[in-house]
Amino acid sequence: MLNPAVPGFHPDPSVVRVGDDYWLACSTFEYFPGIPVFHSTDAEHWELAGHVATRPGQLALERVPTGGGVWAPTIRHHDGRFWLVVADAMGRGPLVFSADDARGPWSDGTPMVGVDGIDHDLAWDDDGTCYVTYSGLLLTPEEFGVHRGILQARVDLATGRALEERRSLWSGTGLKFPESPHLYHVDGRWYLMIAEGGTERGHSVSIARGGSPAGPFEGHPHNPIHSHRSTSHAVQNSGHADLVRTDDGWVMVMLGTRPGGASQMFAPMGRETFATRVTWADGWPVVEPFELTPGRSGVVVETSFDAPLGPEWLAVRDAERAWAAHEGGALVLTAADDGPVAMDAPVPRFLGRRQQHTRARFTTVVDAAGGSGGLSVRYDERHHYDVEVGPEAVVARVRLDQLEHTWSVPAPGTFVEIWLEAVPPTLSGFGLDMLTCDVIRMGFGSGADEVVVAEMDGRYLTSEVTSSFTGRVAGVYAASGRPAFRSFRYEGSDA
């Protein structure tokens with residue numbers, strides 16, 4: 001199968017089949033639009049079809065802390081309708097959405113009561129009773145971080161209310177953070193698949209089975225059924241899986257990372273979606289090994305700003321984007337009048353797209369006559385690299401938590417092509433350069449007129465350093481006034 005299945009920051013995949021179509025949903029945390037939905041006709045080639053959260057009020061992202069927001073959706077189909085459950089962590093809490101078409105529009109989201117936790121799953125028994133199974137991690141201020149294991153209750157999806165007190169289910173082999181439960185009814189048995197070991201290097205997939213969706217469950221005698229921990233596999237942190245039956249057998253989707261550097265320490269894109277085949281033996285699933293797909297072609301994506309942006313463009317904690325406008329064939333962003341500087345803001349005037357390849361270049365043409373603006377590659381408001389055009393200078397800026405450093409060169413004018421690129425480190429034998437995943441170069445101009453303003457080690461913009469649950473997102477931002485952006489180009493390759 002093609003891997004990564006969905007490249008770039010697309011964690012916590014969930015998949016469902018409806019007729020000849022497959023639909024996959026992922027987490028988005030503090031970014032908007034929220035909860036992308038991908039479509040496939042073969043469970044291998046995926047295209048973005050829409051988002052669940054496209055309107056203000058469906059999520060409460062404006063008040064969530066970094067790392068909060070959309071956690072681990074489960075998408076299912078029942079009785080002619082699509083259903084999706086998710087935790088809007090530190091926002092609206094557990095929610096259930098529904099839609100006639102997976103492309104949308106989706107409902108406003110009904111809060112679920114009596115199933116406090118994360119990673120909610122949906123399953124129906126033969127008489128139509130709905131079971132919500134979830135990870136009992138509490139996020140309320142008074143009990144923040146308390147973990148009660150894997151829990152379950154019958155729920156009325158129309159009201160979102162639990163119909164009974166929660167029950168404890170099988171919670172794995174004793175590893176930390178039992179999460180991502182999914183229930184399946186296969187050949188007369190009920191299977192409870194979970195992730196455990198944490199979403200870092202110890203991540204794994206374990207499974208149990210029983211005669212009822214409420215258990216009791218017996219664990220697989222050789223759990224975990226999948227893990228890459230303590231290996232040199234190109235994909236690490238693999239887990240948080242979901243299963244779907246195809247005409248050719250079963251497919252498992254899961255999250256994983258592609259860490260770079262000599263010790264496989266740093267993953268620029270964060271957690272991505274991967275896939276593999278699954279067979280069955282003695283009533284248990286057997287997960288086939290998989291590798292990264294070699295020889296995949298690079299991509300070039302040109303975006304003109306004379307039309308509305310595509311659904312792959314993201315904002316941070318802002319569903320309305322009232323500060324973004326299309327004027328005269330340009331994207332004009334209006335900077336905030338006060339508050340933190342530019343990309344340090346919790347709600348920056350920023351629109352970006354995911355880095356999806358190990359080698360990537362982002363280019364825009366900015367007209368700074370009306371205000372200063374630039375390009376940023378962002379992990380969060382405390383970790384980002386920027387290149388910015390002002391009235392007199394092109395400035396490269398690195399923000400790493402409480403540390404900031406800038407480089408400045410005279411601007412060739414107010415109409416400037418600027419770029420950011422992630423490239424492999426230059427290696428010359430054993431040394432510090434071989435330890436990082438990449439180098440990020442920031443500059444302006446092209447060809448013989450190209451000027452590199454600064455270079456910075458890319459390891460500081462990875463999930464391992466920032467501890468964010470997301471990945472690199474790069475795009476345009478306003479620092480002051482109303483800068484105008486004339487075009488945007490993304491070039492990506494894994495070669």
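Couple of notes before you dig in:
- Residue count for the stretch 66-78, restricted to those that are surrounded by fewer than 20 Cβ atoms within 10 Å (Cβ to Cβ) and modelled with pLDDT of 95 or more: 2.
- Among (1) touching a Ser or Thr at 6+ places or on another chain (Cβ under 8 Å); (2) modelled with pLDDT under 95 - the single one Arg359 does not satisfy: (2)
- The residue pairs whose first member lies in the stretch 132-161 and is closer than 15 Å to Leu122 by Cβ, whose second member is loosely packed, with under 11 Cβ neighbours inside 10 Å, and whose beta carbons are closer than 9 Å, counting only pairs six or more residues apart or on different chains, are Ala153/Glu165.
- Just one residue in the set Trp83, Trp46 is aromatic (Phe, Trp, Tyr), within 26 Å of Ala275 (Cβ to Cβ), at pLDDT 95 or above and over 16 Å from the mean Cα position of the chain (by Cα); that residue is Trp83.
- Test: residue in the stretch 93-105 that is within 18 Å of the chain's Cα centre (by Cα), of a type outside the set (Ser, Thr, Tyr) and more than 30 Å from Pro216 (Cβ to Cβ): no
- Within the stretch 50-65, the set of residues being of a type in the set (Val, Ile, Thr), closer than 23 Å to Gly310 by Cβ and surrounded by fewer than 24 Cβ atoms within 10 Å (Cβ to Cβ) comprises Thr54 only.
- Enumeration of residues in the stretch 471-495 that are within 12 Å of Met269 (Cβ to Cβ) and out of contact with any Pro (no Cβ under 8 Å at 6 or more places or on another chain): Val473, Ala474, Gly492, Asp494
- Among (1) closer than 15 Å to Thr364 by Cβ; (2) surrounded by fewer than 15 Cβ atoms within 10 Å (Cβ to Cβ), the one test that Ala479 misses: (2)
- Qualifying residue in the stretch 224-238 (condition: hydrophobic (A, V, I, L, M, F, W, C) and closer than 18 Å to Trp190 by Cα): yes
- Taken over the stretch 72-94, the criterion of being under 19 Å from Leu24 (Cβ atoms) and in contact with a His (Cβ under 9 Å, 6 or more places away or on another chain) is satisfied by Ala72, Pro73, Thr74, Trp83, Val85, Val86, Ala87.
- Of all residues in the stretch 166-198, those being crowded, with 22+ Cβ neighbours inside 10 Å and of a type in the set (S, T, N, Q) number 2.
- Filtered residues of the stretch 436-495 (kept if outside any strand (DSSP E or B) and among the β-branched types (Val, Ile, Thr)): Thr436, Thr462, Val465, Thr466, Thr470
Listed here are the residues, each with its yes/no results for (1) without any contact (Cβ under 8 Å) to a residue 60 or more places away in the chain; (2) at negative phi; (3) within 19 Å of the chain's Cα centre (by Cα).
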{"residue": "Tyr184", "(1), (2), (3)": "no, yes, no"}
{"residue": "Gly197", "(1), (2), (3)": "yes, no, no"}
{"residue": "Gly210", "(1), (2), (3)": "yes, yes, no"}
{"residue": "Pro213", "(1), (2), (3)": "no, yes, no"}
{"residue": "Asn223", "(1), (2), (3)": "yes, yes, no"}
{"residue": "Asn237", "(1), (2), (3)": "yes, no, yes"}
{"residue": "Arg245", "(1), (2), (3)": "no, yes, no"}
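- The set of residues in the stretch 228-269 that are of a type in the set (S, T, N, Q), touching a Ser or Thr at 6+ places or on another chain (Cβ under 9 Å) and modelled with pLDDT of 95 or more comprises Gln236, Asn237, Ser238, Thr257.
- Only one entry in Val451, Val465 is touching a residue at least 12 places away in the same chain (Cβ under 8 Å), in contact with a helix residue (DSSP H, G or I) (Cβ under 8 Å, 6 or more places away or on another chain) and surrounded by fewer than 24 Cβ atoms within 10 Å (Cβ to Cβ), namely Val465.
- Leu48 vs. criteria closer than 22 Å to Ala241 by Cβ and part of a strand (DSSP E or B): yes
- Within the stretch 326-347, restricting attention to residues that are part of a loop (DSSP other than H, G, I, E, B) and more than 22 Å from Arg63 (Cα to Cα), the residue that is nearest to the chain's Cα centre (by Cα) is Gly329.
- Taken together, Ala411, Ala342, Ala368, Ala396 contain a single residue that is assigned by TED's automatic domain parsing to the domain that holds Cys437, in contact with a strand residue (DSSP E or B) (Cβ under 9 Å, 6 or more places away or on another chain) and either surrounded by fewer than 17 Cβ atoms within 10 Å (Cβ to Cβ) or farther than 25 Å from Ala325 by Cβ (or both), which is Ala396.
- Whichever residue in the stretch 199-212 is within 19 Å of Val278 (Cβ to Cβ) and among the small types (Gly, Ala, Ser) and, among such residues, is surrounded by the most Cβ atoms within 10 Å (Cβ to Cβ): Ser206
- Take the conditions (1) within 23 Å of the chain's Cα centre (by Cα); (2) surrounded by fewer than 15 Cβ atoms within 10 Å (Cβ to Cβ); (3) not basic (Lys, Arg); Val377 misses just one of them, which is (2).
- Condition broken by Leu427, with the remaining ones in (1) in a loop (DSSP other than H, G, I, E, B); (2) among the aliphatic types (A, V, I, L, M); (3) in contact (Cβ under 8 Å) with a residue 12 or more places away in the chain satisfied: (3)
- Subset of the stretch 135-148 (residues that are crowded, with 18+ Cβ neighbours inside 10 Å and assigned to a strand (DSSP E or B)): Ser135, Gly136, Leu137
The values are calculated or read from the model by the stated rules, or taken from the named source; none is laboratory data. A quick note: this is a predicted structure, and the numbers were derived from the prediction, not measured. FYI the Cβ positions are ideal-geometry reconstructions off the backbone, even for glycines, and counts take in every protein chain you see.
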